[in-house]
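J.: Here it is: the structure, laid out below.
The values are calculated or read from the model by the stated rules, or taken from the named source; none is laboratory data. Everything quoted here is computed from the prediction, not taken from an experiment. Note that we place each Cβ from the backbone using ideal geometry, even for glycine, and neighbour counts take in every protein chain shown. Just so you know, the surface numbers come from the protein's heavy atoms only, side chains and all, with ligands and any DNA or RNA stripped out. Shrake-Rupley method; radii C 1.70, N 1.55, O 1.52, S 1.80 Å.
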Amino acid sequence: MRFDFRTVRRLTRLNIGLMIYGLGLAMIVEAEIGLPPWDVFAQGISIQLGITYGIASVIVSALVLLAWIPLKVKPGIGSILNAILIGLWSDVFIPQIPKIDNYLGNLAMFLIGMVIVATATGIYITSYLGSGPRDGLMIGTQKLLGWPLWQIRTMYEVLVLVIGWLMGGQVREGTLIFAVCIGVLMQVSLRFFKYDESKKII
C-alpha cells in the first residue's frame, strides 16, 4: 500500500468508522438488554477473566484472526486495526455512557447504538482496507467447506452465543432485535456510503 494522500484519507476514514463503531457498541453494552452473539462471547470472557469488555473484545478478534491462518485468508491493515481499535474505543466510551434507570430509555439507547454500529460499518468498510475479523472468518470457512454463507454465519453465531451465555454473557431481547435488524441497517448504510464490491479486499 503506497503512502500517499489517498491512503491517508482511507486510513482516516477507517479510523473514524472504528471509533464511531466503538461508541455504538458501548451504548449497546450499557443498555443491558442483551448483546449480539459475538459480544455475548466477549462479555463472557470479560466476566470469567475479570477484564474489561473492550480488552475481551480484542482477545476475541485476535483469536478470530489466528483462525484465518489455516483458512489461508490474508488480513489487510483494516482487519488488524478493526481487531484492536473497536474494543479499545468501546472501553473509552463505556464509562462516559450515562446510566438510565428505565427500560424504555435503555431500549432507545440500544436502538440508537445499533444504528450507530450500522452507520460506522458503512464508513469503515468503504475505506476498502480489509474485512473485519469475523467477515474474513466467514469467507474463509465458506471457501473451505463450500456451504452457503448464511449457514456458516449461523453456525458460528450460535456457537459463540451459547458459549458466551454459559460464561455469563447477557442474552436478552436485544440479542434478537439486533439479529433481526442489523442486516437491513447495514445494507442501508452500505448503499448510503456507495459501497463498491469490486474494490474490496479480504
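J.: Quick one: is G105 in a helix (DSSP H, G or I) and open to solvent by 10 Å² or more (accessible area, probe 1.4 Å)?
T.: yes
J.: Restricting the search to segment 108-135, which residues are over 30 Å from V73 (Cα atoms) and open to solvent by less than 40 Å² (accessible area, probe 1.4 Å)?
T.: Within segment 108-135, M109, F110, G113 qualify.
J.: Take segment 88-102 and flag every residue that is in a helix (DSSP H, G or I) and open to solvent by 60 Å² or more (accessible area, probe 1.4 Å).
T.: L88, W89, V92, P95, Q96
J.: Identify the residue in segment 40-58 that is of a type in the set (A, V, I, L, M) and more than 23 Å from L81 (Cβ to Cβ) and, among all such residues, is least open to solvent (accessible area, probe 1.4 Å).
T.: Within segment 40-58, the match that is least open to solvent (accessible area, probe 1.4 Å) is V40.
J.: With respect to Y156, determine if the residue is of a type in the set (S, T, Y) and within 15 Å of the chain's Cα centre (by Cα).
T.: Against the criterion (of a type in the set (S, T, Y) and within 15 Å of the chain's Cα centre (by Cα)), Y156 qualifies.
J.: May I ask you to say which residue of L35, L18, L65 is farther than 26 Å from I100 by Cα and either surrounded by fewer than 20 Cβ atoms within 10 Å (Cβ to Cβ) or touching a helix residue (DSSP H, G or I) at 6+ places or on another chain (Cβ under 7 Å) (or both)?
T.: None of the others qualify; the one that does is L65.
J.: Suppose we filter G183, G140, G113 for residues that are farther than 28 Å from I51 by Cα, within 13 Å of the chain's Cα centre (by Cα) and of a type outside the set (V, I, T); which single one remains?
T.: Sole residue among the options that is farther than 28 Å from I51 by Cα, within 13 Å of the chain's Cα centre (by Cα) and of a type outside the set (V, I, T): G183.
J.: Among the candidates L85, L66, which residue alone is closer than 24 Å to I152 by Cβ and either within 16 Å of the chain's Cα centre (by Cα) or of a type in the set (A, V, I, L, M) (or both)?
T.: L66
J.: OK, next. Among the residues of segment 158-202, write down those that are modelled with pLDDT of 95 or more, under 22 Å from W68 (Cβ atoms) and surrounded by 13 or more Cβ atoms within 10 Å (Cβ to Cβ).
T.: Result: V160, L161, I163, G164.
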